[in-house]
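Asker: Following this message is one structure expressed as structure tokens.
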Amino acid sequence: MKLAVIEGDGIGREVIPAAVKVLDAFGLELEKVPLELGYTRWEKTGTAMSSDDLETIKGCDAVLFGAVTTVPDPSYKSILLTIRKELDLYANIRPIKPLPGITGVTGRSDFDFIIVRENAEGLYSGIEEIGPEFSWTKRIITRKGSERIAEYACKLAKGRKKRLIIVHKSNVLKSDKLFLDICRQTAAARGVEYEDMLVDSMAYSLMMHPERYDIVVTTNLFGDILSDMCAALVGSLGLVPSANIGDKYAFFEPVHGSAPDIAGKGIANPLAAILCVKMLLEWMGEARFQIIDEAIAHVLQQKIITPDLGGTASTMEVGNAVAEYVRKNL
């Protein structure tokens with residue numbers, strides 16, 4: 001298997017090497033293909049990602065990605081959106097699960113749910129017109145896009161509690177009626193219990209009653225906003241991983257950004273990137289992937305933690321501690 005390793009910008013250059021330490025601890029036969037993409041590359045060459053880079057990525061099976069800084073150029077084409085579209089990574093999977101001993105804004109730890117976000121259309125269609133007097137973006141909802149994200153959500157639900165909630169805004173956005181209907185039909189056909197909720201009501205309910213939910217399926221923009229909001233339940237964006245899944249490729253990235261304000265200080269929290277390695281291993285079919293949960297619980301108990309969690313450990317010290325636990329306990 002070939003894995004493209006893209007550190008990107010800012011703290012991506014720190015958390016990804018720490019995560020790779022954990023990946024290497026498994027001793028798998030895995031060819032890693034390093035690529036430099038992002039703002040740093042753009043500053044040096046005027047190109048954030050070339051067509052050759054994209055072909056190299058397509059020659060790999062999966063991608064482990066750090067973070068990129070937004071390029072301050074109106075003609076800049078988003079690296080993430082380009083890769084998602086070119087590799088047809090239609091399912092964005094964001095697990096919202098507390099880590100041992102860490103609580104977020106609600107102080108609760110009785111929840112464990114997954115947000116399944118349609119990742120290829122919606123308001124992120126890229127079909128836009130920008131002008132001095134008016135601007136618009138075309139929102140695309142298709143039967144194909146809705147069916148395949150609903151199928152993916154149902155597959156996850158059947159492996160868990162067989163409960164699905166469909167999040168939409170069809171009372172105002174009439175295009176959401178197609179998404180809602182297809183998700184309902186798919187869940188019924190797959191024997192998955194389902195209900196639906198308007199996105200604004202869902203945002204409130206996720207903060208007040210996160211324990212009620214198991215699999216949440218929604219459209220692109222709503223999924224983006226809700227999943228970042230739910231990082232507050234866990235305690236930090238630095239603790240939340242994500243996967244972008246397609247029929248052929250997969251792309252794993254921590255939810256956090258490049259955080260230029262702390263870049264280069266060695267204090268960035270690598271746990272989200274390490275949890276991305278867990279998701280990568282599960283996608284690969286590596287049966288031992290759950291040992292990463294044990295390893296993270298161990299380092300948290302030992303207080304080997306970065307300053308954002310009240311500790312003094314560096315990014316790489318946390319990565320090394322997790323990797324050492326994995327090596328000793330496989």
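Asker: Take the stretch 251-272 and flag every residue that is buried (at least 22 other Cβ atoms within 10 Å of the Cβ), farther than 23 Å from Arg108 by Cα and of a type outside the set (D, E, K, R).
Answerer: Within the stretch 251-272, Phe251, Phe252, Ser258, Ala268 meet the criteria.
Asker: Let me ask something else. Pick from Leu280, Leu226: which is open to solvent by less than 30 Å² (accessible area, probe 1.4 Å), modelled with pLDDT of 95 or more and closer than 20 Å to Val68 by Cβ?
Answerer: Only one candidate passes the filter, namely Leu280.
Asker: So, one more: Filter the stretch 36-68 down to the residues that are within 13 Å of Gly10 (Cα to Cα) and either open to solvent by 40 Å² or more (accessible area, probe 1.4 Å) or free of Cβ contacts under 8 Å to residues at least 40 places away in the same chain (or both) and list them by number.
Answerer: Glu36, Tyr39, Thr40, Arg41
Asker: A further question on this structure: Given Leu123, Leu87, which one is over 19 Å from Val216 (Cβ atoms), in contact (Cβ under 8 Å) with a residue 24 or more places away in the chain and of a type outside the set (Lys, Arg)?
Answerer: Residue meeting the stated conditions: Leu87.
Asker: When you look at Leu309, is it open to solvent by 60 Å² or more (accessible area, probe 1.4 Å) and modelled with pLDDT under 95, yes or no?
Answerer: No, not satisfied.
For every residue, the table says whether it meets (1) in contact with a Leu (Cβ under 6 Å, 6 or more places away or on another chain); (2) surrounded by 13 or more Cβ atoms within 10 Å (Cβ to Cβ); (3) of a type in the set (Ser, Thr, Tyr).
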| site | (1), (2), (3) |
| --- | --- |
| Ser78 | no, yes, yes |
| Tyr90 | no, yes, yes |
| Ile102 | no, yes, no |
| Glu133 | no, no, no |
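Asker: Among the numbered criteria (1) aromatic (Phe, Trp, Tyr); (2) assigned by the TED database to the domain that holds Gly107; (3) open to solvent by less than 40 Å² (accessible area, probe 1.4 Å), which one does Tyr204 miss?
Answerer: (3)
Asker: So Val71 ticks every box in (1) surrounded by 15 or more Cβ atoms within 10 Å (Cβ to Cβ); (2) touching a residue at least 60 places away in the same chain (Cβ under 8 Å) but one. Which box is left unticked?
Answerer: Evaluating Val71 over (1) surrounded by 15 or more Cβ atoms within 10 Å (Cβ to Cβ); (2) touching a residue at least 60 places away in the same chain (Cβ under 8 Å) leaves (2) as the failure.
Asker: Another question about this same structure. Could you tell me how many of the residues in the stretch 121-162 are of a type in the set (S, T, N, Q) and out of contact with any Ser or Thr (no Cβ under 9 Å at 6 or more places or on another chain)?
Answerer: 2
Asker: Continuing with the same structure: Please name all residue pairs, on different chains or six or more residues apart, with Cβ atoms under 7 Å, provided the first residue is in the stretch 240-269 and is at positive phi and the second residue is charged (D, E, K, R).
Answerer: Listed pairs, sorted by first residue: Gly266/Glu14.
Asker: Looking at the stretch 135-157, can you tell me whether even one residue there is in a loop (DSSP other than H, G, I, E, B), of a type in the set (A, V, I, L, M) and touching a strand residue (DSSP E or B) at 6+ places or on another chain (Cβ under 7 Å)?
Answerer: yes
The values are calculated or read from the model by the stated rules, or taken from the named source; none is laboratory data. Keep in mind that what you see is a predicted model, and the values were worked out from it rather than measured. Please note: Cβ atoms are built from the backbone with ideal geometry, for glycine as well, and neighbour counts cover all protein chains shown. Protein only, heavy atoms only, side chains kept; ligands, DNA and RNA dropped before computing areas. Shrake-Rupley method; radii C 1.70, N 1.55, O 1.52, S 1.80 Å.
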